[in-house]
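Chemist: Pasting in a structure now, in structure tokens, and then I'll have a few things to ask.
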Amino acid sequence: MSHLPAFGRRAALLGLTAALTLPRARVAFAQAPGEARLVVVMLRGGLDGLFAVQPYGDPALRDLRGPLALPEPGAEGGLLDLGGRFGLHPRMTSLHAMYAGNEALIIHAVAGNWRTRSHFDAQDLLESGADQRLASGWLNRALSAVPARPGAQHNGLAVGTDMPLLMRGPTPVGNYAPRGSATPPPDLLARVAELNAADPMTGPAIAEGLRIRGYAVSTLGDAAAMRPQPGGAFRALALSAGRLMAQADGPRVAAFELSGWDTHAQQVTRLNGPLFQLDEGFGALKESLGDHWRRTAVLVVTEFGRTVRVNGTMGTDHGTGGVAFLLGGAVAGGRVAGNWPGLAGNLFQDRDLAPTTDLRSIAKGLLRDHLKLAGPAVARAFPGSDLAVPMGGLLRA
């Protein structure tokens, strides 16, 4: 069941952003000024931040987590050390290499401005960037204040139709459907364009979508026609997105969504694959962006963390505090940031990691310092968030 509302005919044709859709993973694009690239990755389902980034130096960890506490760094199957107190899951070797190269910042005990344990409510609030669900997302509202770059593809590239709320709003883009399901024949596309040519809304949108579709195919070449193997969708998506974002006239902002993080049972084995695929996608994005990686910031978020204690089916339930990743050549990495609250006697509602960093502060810091948006534009992106001060020090000087 999707948390997104159904689209009408015009909404589906106009889009509201650009999106490339593959099994269990999607990406959306838009424009931003200059050479800075921003990518937001949403992990739908609630990643257990204490499993991905374990505070092995916290004396209460092993008693509370039991079988979810992995061996310490240096032991067989052990964590990848992050400086003597925290350890990264051993399947995330690309992220660890970025951390060692000062290209990855990890922020623990993060949460949004909500305290709901509902996936759908939390995801809507995460993408809306407000205290209530809005019809537009915070990233689209931020981009609406940005003029299009001269000579660039108008409003980026649209591939697919299922748009994340994060990118829906006043910034219109075209649409492109990649292969992987039925591909409409060219004569049908031409007929649809002809029938809608006189409509002042759908006519220009369809024409623009067909033009951008041709741009995507010419840019990606054979990759635009390839269906990825099962399990490799996110890597394939990241490679294509990076190639498009590396073009001089390509998009500068992308929003990914990746499902599969709701681990109520058998978490130790169930998260191995998703964490590995996510890590492979990070490496693929860096590879395909090439030199533009040094101008890139990638923010990875999830709607909430998970309970500290393991449940009766060796999994975890919906929680509060979690982890956020920030990676890229533009990031001042090589450290674990945030105010660690500790686990012993300090759990939120006696069950969750207590949040100490507002997710909005991280996002607002990126909008201000990376996309160079003025204060009023940042405030419009996150209405009613005056108490969430934009976080500084996220980027290289």
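A short reminder: the numbers here are calculations on the coordinates, not readings from a lab. Owing to the predicted nature of the structure, the values given are computational and were not obtained by experimental measurement. Cβ placement follows ideal geometry from the backbone for every residue including glycine, while neighbour counts extend to all protein chains displayed.
Chemist: Where the centre of each part is set by its Cα atoms, how far does the range 258-285 sit from the range 346-397, in angstrom?
Modeler: Here the answer is 25 Å between Cα centres.
Chemist: Moving on to the next point. Could you give the length gained by full extension between Asn346 and Ala379, i.e. 0.36 nm per residue of separation minus their alpha carbon distance, to one decimal place?
Modeler: 8.7 nm
Chemist: Taking amide hydrogens as modeled 1.01 Å from N in the peptide plane, which residues meet the under 5 Å criterion relative to Leu395, leaving out close sequence neighbours?
Modeler: Answer set, sorted by chain and number: Ala332.
Chemist: Return the sequence-ordered ³J(HN,Hα) values of the range 134-146 in whole Hz as given by the Karplus equation 6.51 cos²θ - 1.76 cosθ + 1.60 applied to θ = phi - 60°, using x for Gly and Pro.
Modeler: Each residue of the range 134-146 in turn: 10, 7, 10, x, 5, 6, 5, 5, 5, 6, 5, 8, 9 Hz.
Chemist: If you don't mind, another one. Which residues in the range 34-53 place their backbone N less than 16 Å from a point set 7 Å from the Cα of Arg294 along the Cα-to-Cβ direction?
Modeler: 35-37
Chemist: Now a separate question. Go through the range 103-109 residue by residue and turn each phi into a ³J(HN,Hα) via Karplus (6.51, -1.76, 1.60, θ = phi - 60°); whole Hz please, and just put x for glycine and proline.
Modeler: For the range 103-109, the Karplus-derived couplings read 10, 9, 10, 10, 10, 9, 6 Hz, x marking Gly and Pro.
Chemist: May I ask you to evaluate 6.51 cos²θ - 1.76 cosθ + 1.60, the Karplus curve with θ = phi - 60°, for each residue of the range 94-99 and list the ³J(HN,Hα) values in order in whole Hz, giving x for glycine and proline?
Modeler: Values, residue by residue: 5, 5, 5, 5, 5, 4 Hz.
Chemist: If you don't mind, there's one more thing I want to ask. Could you pull out every residue, at least 5 positions away or on a different chain, whose amide H is within less than 5 Å of the one on Phe256? Hs are placed 1.01 Å off N in the peptide plane, and Pro or chain starts have none.
Modeler: The list, which skips near neighbours in sequence, is Ala28, Val40, Val41, Met42.
Chemist: Could I ask something else about it? Ranked highest first by average number of other Cβ atoms within 10 Å, how do 102-111, 362-371, 259-268 line up?
Modeler: 102-111, 362-371, 259-268
Chemist: Whose amide H sits under 5 Å from the amide H of Ala354, counting only residues 5 or more places off or on another chain, with H placed in the peptide plane?
Modeler: Sorted by chain and number, the residues that satisfy this are Phe348.
Chemist: Got a sec? Which residues in the range 276-303 would a label at Arg396 touch, if it sits 7 Å along Cα→Cβ and we count backbone N under 12 Å?
Modeler: 291-297
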